[in-house]
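The structure appears below as structure tokens.
Derivation of every value follows stated rules applied to the coordinates shown; laboratory data play no part. What you see is a predicted model, and the numbers here were worked out from it, not measured in a lab. When we count neighbours, we look across all protein chains shown, and the Cβ atoms used for this are built from the backbone with ideal geometry, even at glycine.
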Amino acid sequence: MLTSGNHIWDKKDALSFIKKEEKLVRPANYPEGTPGQGSAIIRTAGGVKVAVLNLEGRVFMNNLDCPFRVADREIERLNVETPIIFVDFHAEATSEKAALGFYLDGRVSAVVGTHTHVQTSDERILPGGTAYMTDAGMCGAFDSVIGVRKEEAIERFLTQLPTKFEVAKKNIRLNAVVIEVNETSGKAISIERISVSCG
Ligand SMILES: [Fe+2]
């Protein structure tokens, strides 16, 4: 299962590709009629159903439907199938991510943020049993400005002109988070932050 965010539409092929690819989800709070799906259910190797819900924040981002209310609607629908729901909240503002974590606490297994490319160290299990982490970070070059070659990023800040961004390739790290969940209740048991060097 692959979640996404605000850059899912950067290549126009995505509009047709996403209709065919069931393992790719886009944020659920885009307007009705947007191609693709905002959530999906997969089965683990052991046959357990896991729902994955993708949402996008609105603070300093696109003017989308309310992610909080869309989450309410989606959780009700997904709970018919499984108590295990993983939420990827693709958002810029820490406040919006923390608020959604508490808003969904006890109703989903995990709320993990993405988008900033910088891993946070605030992983925890909230009082209601939802695993939470503001941002999972990125898998990419740390000798970079959030994955982009630093020279071009600095140039753009200095000149305010559009510069072509190249993907940086030095000091690659893998950022991730591992969450253990009770498969009957859907509550989180543990959350572990991972950051390893890949050369
Ligand atoms: Fe993003």
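Here the dipole of the chain is about 340 debye; that uses its Cα centre as origin and unit charges on the Cβ of Lys and Arg (positive) and Asp and Glu (negative).
Helix 150-159 and the longest principal axis of the C-alpha atoms of the chain enclose an angle of approximately 70°.
Decide, for the range 1-103, between rounded, prolate and oblate: order the square roots of the alpha carbon gyration tensor eigenvalues as a ≥ b ≥ c, take rounded if a/c falls under 1.5, and otherwise choose prolate if a/b is larger than b/c, else oblate. Note, shape of the range 1-103 comes out oblate.
Distance in nm between label sites at Lys19 and Ser195, each 7 Å beyond Cα in the beta-carbon direction? Result for the modelled spin labels: 4.2 nm. For the chain, the number of Lys pairs with C-alpha atoms closer than 27 Å, counting only pairs eight or more positions apart or on separate chains, is 24. Its DSSP H runs of at least 4 residues, each contributing -39,500 (n - 2.57), put the calculated 222 nm mean residue ellipticity of the chain at -6000 deg cm²/dmol, to the nearest 500. Extent along the principal axes, Cα only, for the chain: 53, 38, 33 Å, with the longest axis given first.
The GNM of the chain, with springs linking C-alpha atoms under 10 angstrom apart, assigns the highest mean-square fluctuation among Pro31, Pro83, Pro67 to Pro31. DSSP beta bridges fully contained in the chain are about 55 percent antiparallel. Centre-to-centre separation between the Cα atoms of the range 30-44 and those of the range 128-152: 24 Å. Largest GNM mean-square fluctuation across Thr120, Thr34, Thr184, computed for the chain with C-alpha springs under 10 Å, falls on Thr184.
Rounded to the nearest 0.05, the FRET efficiency derived from the C-beta distance between Thr159 and Glu32 at R0 = 41 Å is 0.55.
Once you sort the root eigenvalues of the Cα gyration tensor of the range 95-198 as a ≥ b ≥ c, which label holds: rounded (a/c under 1.5), prolate (a/b larger than b/c) or oblate (the other case)? Don't skip to the end; give the middle numbers.
On the way: a/c = 4.07, a/b = 2.14, b/c = 1.90.
Taking the square roots of the gyration eigenvalues as a ≥ b ≥ c, the range 95-198 is prolate.
Residue separation of Glu76 and Glu152 scaled by 0.36 nm, minus their Cα-Cα distance, works out to 22.9 nm of gained length.
If you take the beta carbon distance between Met1 and Val167 as r and set R0 to 22 Å, what does 1/(1 + (r/R0)^6) give as a FRET efficiency, to the nearest 0.05? Don't jump to the answer; show the numbers that get you there.
Numbers: r = 23 Å, r/R0 = 1.06.
The calculated FRET efficiency here is 0.40.
Compared with the dominant principal axis of the Cα atoms in the chain, helix 67-78 is inclined by about 40°.
Between the helical axis of 94-104 and the longest alpha-carbon principal axis of the chain there is an angle of about 10 degrees. Of the trypsin sites (Lys or Arg not before Pro) found in the range 1-82, the ones in coil according to DSSP and having at most 12 other Cβ atoms within 10 Å of their Cβ are Lys11, Lys12, Lys23.
Springs join every pair of Cα atoms under 10 Å in this Gaussian network model of the chain, and among Ala45, Ala188, Ala28 the largest mean-square fluctuation is at Ala45.
In the range 170-194, which residues have a backbone nitrogen under 14 Å from the label point lying 7 Å from Ser121's Cα in the Cα-to-Cβ direction? 193-194, by backbone N distance to the label point.
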